[in-house]
2 protein chains.
Amino acid sequence: MLELYHYEPSANSMKPMLCLKEKGLEFVSHYIDLHAFEQHSPEFVKVNPNGQVPALIHEGAIITESTVINEYIEDVFPQVPLRPGDPAARARMRIWSKFVDEYFCPALSMHGWNALIPGIVERLKMGEFDKLLDRIPLQEQREKWKTAATRAFTPEQLADSKRRIGVSIERMEKVLEKSPWLAGDMYSLADVNSYSMVAGVPRFFPEFFNDKASPRSVDWLRRMDQRPAVKAALAMGRVKWPTTATGTN
Amino acid sequence: MLELYHYEPSANSMKPMLCLKEKGLEFVSHYIDLHAFEQHSPEFVKVNPNGQVPALIHEGAIITESTVINEYIEDVFPQVPLRPGDPAARARMRIWSKFVDEYFCPALSMHGWNALIPGIVERLKMGEFDKLLDRIPLQEQREKWKTAATRAFTPEQLADSKRRIGVSIERMEKVLEKSPWLAGDMYSLADVNSYSMVAGVPRFFPEFFNDKASPRSVDWLRRMDQRPAVKAALAMGRVKWPTTATGTN
């Protein structure tokens, strides 16, 4: 039995949700409400001591880190392969996924936190936020919550993150000049791992993402939006998000 | 034929060097002198447009990113396996390697750059550094060079990086409480990818790395130092480094 602890089909939670849906694998869904700080609850910290979603449970093993979870799913369930057989294409898949994890996602994340966290924290009763902060396991996460809650990301930090989002889409465009999918001719985990990151860009950073600046990325997102597995994963969402230019997420 | 572009057997260059030595694979060594800025030369940027070592060439494909290179080597040359067969152990190997890449290595790197770069830059002729800066492909790398050269890492940044090095060794210690190697009972890429990072810690941060604070990590490093492949990789070094507490690197 597969069990997935996840939030919405967004950001890192979407990565294993989409992977499981592509492979047609059944899984028990444990919804963790990040807006209610459930990821830092004593119950969930028993599952992932870092207090982060997603986390996969399979045959007694707890697997964390969305990119690693997807390689694990591929290792155990190679049917409907999402990892190219050609080692060089496989390396391209991993290089792209690493770039998303280390560069693109953190840049997006700062803008997401900046936009969402103050509203979440303002709804709390006086003093409650400090108690919730105290139970965040990772010091870096604690500091990020505090910074976002007090609107303390500087204009320079936000501008630099925005620049990095532009660099990421430029790099995506260059990759897609060479092949229809991000690791080559085959749809792979490189695409799976990128969908939720790219999906919000047309709405929030349309200057980087449009038919003129990034035609191949626009086409890639359109092809992704049409995939039954993407639709099935998005259908698991609880929160009503504003629709993007491409009509999803 | 395998060709590896690398600097010393240190930091990220050591990772594929050690992997190749463990597997007994012959390779053509292309030494790139980072102190002479050869990684940003027009010739090398043709190999890796990011201007970073290591880079592996095999059957016409250029593979970059040391962690990905090692998975590639394992995919193509599974003899002398360095990736556990058990998928959960394999996930632990990847989670640990990801932690090294995203947390431990950047923390070490800031201290390394802070200690080494000013001396390298001071040896240059007036105006030469600006020209060298101009040809660095990645903006983030350019800024890191500029910051390090002008000794502009703040005491707060250096202290926080030091704290992270302590957190990394603590985490290593916890992992090694459960098993002799970093991904379990089997020596794996998790160990290969960590050696060059851990090897300098006893000398530069002995408060974190000693028989009392981190006995299991000390023992792990001692076992690593004794491996013939580690010795063979270290023997490829050109620069005479100060010896560590354990007598190597």
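Hydropathy first: keep DSSP H helices in chain B averaging at least 0.0 on Kyte-Doolittle, then drop any whose Cα extent along the axis falls short of 20 Å, and list what survives. Don't jump to the answer; show the numbers that get you there.
On the way: long enough: B:105-122 (25 Å, 0.72); B:155-178 (35 Å, -0.88).
The qualifying helices are B:105-122.
Contact-buried residues of the stretch B:45-74, at a threshold of 50 Å² lost accessible area versus the chain by itself: B:VAL68 (1.4 Å probe; DNA, RNA and ligands ignored).
Could you give me D for the stretch A:1-149, from Stokes-Einstein at 20 °C and 1.002 mPa s, where the hydrodynamic radius is the Kirkwood radius over C-alpha pairs? Units µm² s⁻¹, please.
Details: Rh = 16.7 Å.
Roughly 128 µm²/s, to the nearest whole number.
Counted over all Cα-Cα pairs of chain A, pairs farther apart than 31 Å make up 23 percent. Of the accessible area of the stretch A:151-249, computed with a 1.4 Å probe over protein heavy atoms only, carbon and sulfur atoms account for 54 percent. Entry note, chain B: relative contact order of 24 percent, from Cα contacts under 8 Å with a spacing of 6+ residues.
With θ taken as phi - 60° and the Karplus curve 6.51 cos²θ - 1.76 cosθ + 1.60 applied, the whole-hertz 3J(HN,Hα) list for the stretch B:125-136 is 6, 3, x, 5, 4, 4, 5, 5, 4, 4, 9, 6 Hz, x standing for glycine and proline. Averaged over all directions, how much area does the convex hull of the C-alpha atoms of the stretch B:25-98 cover when projected, in nm²? Spelled out: convex hull of the Cα atoms, projected over all directions, averaged, 6.1 nm². Please report, to two decimal places, log10 I(q)/I(0) for the protein assembly as shown at q = 0.11, 0.13 Å⁻¹ as given by the Debye formula with identical point scatterers on the Cα atoms and no solvent. The Cα Debye sum returns log10 ratios of -1.02, -1.50. When DSSP beta bridges are restricted to pairs lying wholly in the stretch A:1-103, around 65% turn out antiparallel.
Largest first, what is the accessible-area ranking of A:MET93, A:MET126 with a 1.4 Å probe? All intermediate terms of the calculation are to be shown ahead of the outcome.
Values: A:MET93 5, A:MET126 195 Å².
Final ranking, largest accessible area leading: A:MET126, A:MET93.
As a fraction of the 1.4 Å probe accessible area of the stretch A:34-92, surface on carbon and sulfur atoms comes out at 55 percent.
When chains A and B come together, the accessible area they lose, probed at 1.4 Å and totalled over both chains, is close to 2200 Å². Here r is the Cβ-Cβ distance between A:ASP134 and B:ASP211 and R0 is 30 Å; the resulting FRET efficiency, rounded to 0.05, is 0.35. Annotation: per residue accessible area for the stretch B:3-98 equals 35 Å², rounded to a whole number [probe 1.4 Å, protein chains only]. Coupling constants for the stretch B:2-9 follow from the phi torsions by the Karplus curve (6.51 cos²θ - 1.76 cosθ + 1.60, θ = phi - 60°), and in residue order they are 9, 10, 10, 8, 7, 9, 4, x Hz; glycine and proline get x.
Counting partner chain Cβ atoms within 10 Å of every residue's Cβ in A:95-103, what's the average?
Details: counts 7, 1, 1, 7, 1, 0, 3, 5, 2.
The per-residue average across the peptide is 3.
Contact order normalised by length for the stretch A:6-146, with contacts defined as Cα pairs under 8 Å and 6 or more residues apart; what percent is it? It would help to have the intermediate numbers written out before the result.
Working: 104 pairs, mean separation 30.9, N = 141.
Relative CO of the stretch A:6-146 lands at 22 percent.
Pairs of Lys residues in the stretch A:114-179 that lie 8 or more places apart, or on two chains, and have C-alpha atoms under 19 angstrom apart add up to 5.
With θ taken as phi - 60° and the Karplus curve 6.51 cos²θ - 1.76 cosθ + 1.60 applied, the whole-hertz 3J(HN,Hα) list for the stretch B:189-197 is 4, 4, 6, 3, 6, 9, 3, 5, 6 Hz, x standing for glycine and proline. The calculated FRET efficiency for A:ASN50 paired with B:ARG123, based on their beta-carbon distance and R0 = 45 Å, is about 0.55. With helices as the sole contributors, the protein assembly as shown gives -16000 deg cm²/dmol at 222 nm; each DSSP H run of n ≥ 4 counts as -39500 (n - 2.57), and the sum is divided by every residue. Annotation: amide H-H contacts under 5 Å for B:ILE32 (H modelled 1.01 Å from N, sequence separation of 5 or more, or interchain): B:HIS6, B:TYR7. Counting Cβ atoms of other protein chains within 10 Å of each residue's Cβ and taking the mean over peptide B:161-170 gives 1. Inter-chain neighbour count for B:85-92: the average number of beta-carbon atoms from partner chains within 10 Å of each residue's beta-carbon is 6.
If you restrict to DSSP beta bridges whose two residues both lie in chain B, what percentage is antiparallel, to the nearest 5? Intermediate results must be reported in sequence, preceding the final value.
Details: 9 of 13 bridges.
Antiparallel: roughly 70 percent of the beta bridges in chain B.
The values are calculated or read from the model by the stated rules, or taken from the named source; none is laboratory data. Note that the structure is a prediction, hence the values are computed from the model and not measured. Methodologically, a virtual Cβ is constructed for each residue, glycine included, from the backbone with ideal geometry; neighbour enumeration extends over all protein chains shown. Surface areas here come from the heavy atoms of the whole protein model, side chains and all, with no ligands, DNA or RNA. Shrake-Rupley method; radii C 1.70, N 1.55, O 1.52, S 1.80 Å.
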